[in-house]
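Okay, so here's the structure we're looking at.
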Amino acid sequence: MTISQADERSRAANLVEVEDLKVYFPVRSGIIVDRHVGDVKAVDGISFEIKRGETLGLVGESGCGKTTAGRAILRLLEPTGGRIRFDGDDITHLHGDELRRLRRRMQMVFQDPYSSLNPRRNVGNIVEEPLNVHGIARGKEADGRVQELLEVVGLPRNAGNRYPHEFSGGQRQRIGLARSLALQPDLIIADEPVSALDVSIQAQMINLLEELQDEFQLTYLFIAHDLAVVRHISDRIAVMYLGKIMEVAPSARLYERPLHPYTKALLSAVPIPDPAVELERERILLKGDLPSPTNPPSGCRFHTRCPFAQKKRCPDEVPELRVLENGHTVACHYVEEIDAGRITTRTLEAAEPVAVPG
Ligand code: SF4
């Protein structure tokens, strides 16, 4: 196979390809002279792909850059560096009509179903708006389409006459979904779509997202801070920390055998509904808060909080994302040693730990 044939194949399989994506926000200072004094490096060189029809979960603590990454892919934010390809086309710096056409194929579902719907417009108008803006349907045709969309997301066909405040949180999130589906997109970026909902409603919403994916052949980027939430819906999961990707693995494999120390710590905080297992298992507690993305730690960004950190390499060398086995990709210098138990949190307690700055 030639290189261009291989390239064509990967284009066909992948709907989204992100390569070394960077999104920096400039920090300015000064009253008389406006000076650029630094950057908030919200996303700092991440690469991943999303296959057609797949759900990729993007997980990490608040402030790790996952929402910024999602917005940059949608081109709601201008990337500082790197490349984004959608369906084989480079969309990194699209503008004007080309960007408008692209937006039909990519939609976002927002975290907060309360603030993402205009309270002064009835539900019919809210769901119909994208159809009007993109000149797809108007009048009776648009009304019929709105009724179909409401039915698809499990709301009554006549819900269009009511206003957002008349609905519960879960129902409002369904309205947001109906609006996102109006343009028949290929990709939906769902940014914490269930975290504002009651636990009892979260499962219904996740089931609905899965049903819609099958019915409309959708591809999802599912952003969440909670590994327990993304488990059931994701085919693969990427774990982010301070603007970088630390681990990517098929969902089942990540839960069975997390390899990166950060993922291990996140998973050790997820409760298991079995008191015997809960008592037995080891909790990995992270020290301190997430460092500032304006001045991230040198070397491995996780070294100031990593319970396995070594003085050699961790504070100085940036670990590369390395493909191990079965599509499991990890950015850690010592992943093999930690996995084999040659480096443990206990051996480090005996040894001298890496100093945590200020
Ligand atoms: Fe921890 Fe070092 Fe691995 Fe980073 S490279 S995760 S600091 S052991």
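Every read-out reported here was derived from the displayed coordinates using simple, explicitly stated rules and does not represent laboratory data. Computed from a predicted structure; not experimentally measured. Here the Cβ is made from the backbone with ideal geometry for all residues, glycine too, and neighbour counts use every protein chain on show.
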For region 93-159, which trypsin sites (Lys or Arg not before Pro) are both in a DSSP coil and crowded by at most 12 other Cβ atoms within 10 Å? ARG120, ARG138
Cut-off 19 Å (backbone N to label point 7 Å along Cα→Cβ of TYR114), residues of region 166-187: 166-177
Residue among ALA269, ALA72, ALA178 with the largest mean-square fluctuation in a Gaussian network model of the chain, springs linking Cα atoms under 10 Å: ALA269
Determine, from the Cβ-Cβ distance of ARG121 and GLU256 and an R0 of 41 Å, the FRET efficiency 1/(1 + (r/R0)^6), rounded to the nearest 0.05. 0.30
Mind pulling up the Rg/Rh value for region 184-249? Radius of gyration and Kirkwood radius, both on Cα. 0.97
For region 48-59, 3J(HN,Hα) per residue [Karplus equation, 6.51 cos²θ - 1.76 cosθ + 1.60, θ = phi - 60°, Hz, x = Gly/Pro]: 6, 10, 10, 6, 4, x, 9, 10, 9, x, 10, 10
Using Cα springs under 10 Å in a Gaussian network model of the chain, which residue among VAL318, VAL37, VAL153 shows the largest mean-square fluctuation? VAL37
Using a basic spin-label model with each label point 7 Å from the Cα along Cα→Cβ, how many nm lie between SER292 and GLU148? 5.3 nm
Of the beta bridges DSSP finds with both residues in the chain, what % are antiparallel, to the nearest 5? 60 percent
R0 = 22 Å: FRET efficiency of LYS51 with HIS95, Cβ-based, nearest 0.05? 0.20
Tell me, what HN-Hα J-couplings in whole Hz come from the Karplus equation 6.51 cos²θ - 1.76 cosθ + 1.60 at θ = phi - 60° for each residue of region 168-177, using x for Gly and Pro? 6, x, x, 5, 5, 5, 5, 4, x, 5
Spacing of the two label points (7 Å from each Cα toward its C-beta) at VAL270 and HIS36, in nm: 4.1 nm
Can you work out ³J(HN,Hα) from phi for every residue in region 109-116, in order, using Karplus 6.51 cos²θ - 1.76 cosθ + 1.60 and θ = phi - 60°, giving whole Hz and x for Gly and Pro? 10, 8, 5, 9, x, 7, 9, 8
In nm, spacing of pseudo-spin labels at LYS311 and ASP198 (7 Å Cα→C-beta vector): 5.6 nm
Taking only Cα atoms of region 256-358, the Rg to Rh ratio with Kirkwood Rh works out at 0.97
If the elastic network links every pair of Cα atoms under 10 Å, which of ALA42, ALA309, ALA196 fluctuates the most in the Gaussian network model of the chain? ALA196
For region 115-244, treating each Cα as an identical point scatterer without solvent, what Debye log10 I(q)/I(0) comes out at q = 0.10 1/Å? -0.33
A convex hull over the alpha carbons of the chain yields, per residue, a volume in Å³ of 186 Å³
Name the chymotrypsin sites (Phe, Trp or Tyr not before Pro) in region 52-119 that are in a loop by DSSP and that have at most 15 other C-beta atoms within 10 Å, would you? TYR114
With n ≥ 4 as the cut-off for DSSP H runs, can you work out [θ] at 222 nm for the chain, using -39500 (n - 2.57) per run divided by the number of residues, rounded to the nearest 500? -9500 deg cm²/dmol
If every alpha-carbon in region 44-121 counts as one equal scatterer, what log10 I(q)/I(0) does Debye give at q = 0.13, 0.15, 0.26, 0.27 1/Å? -0.49, -0.65, -1.48, -1.52
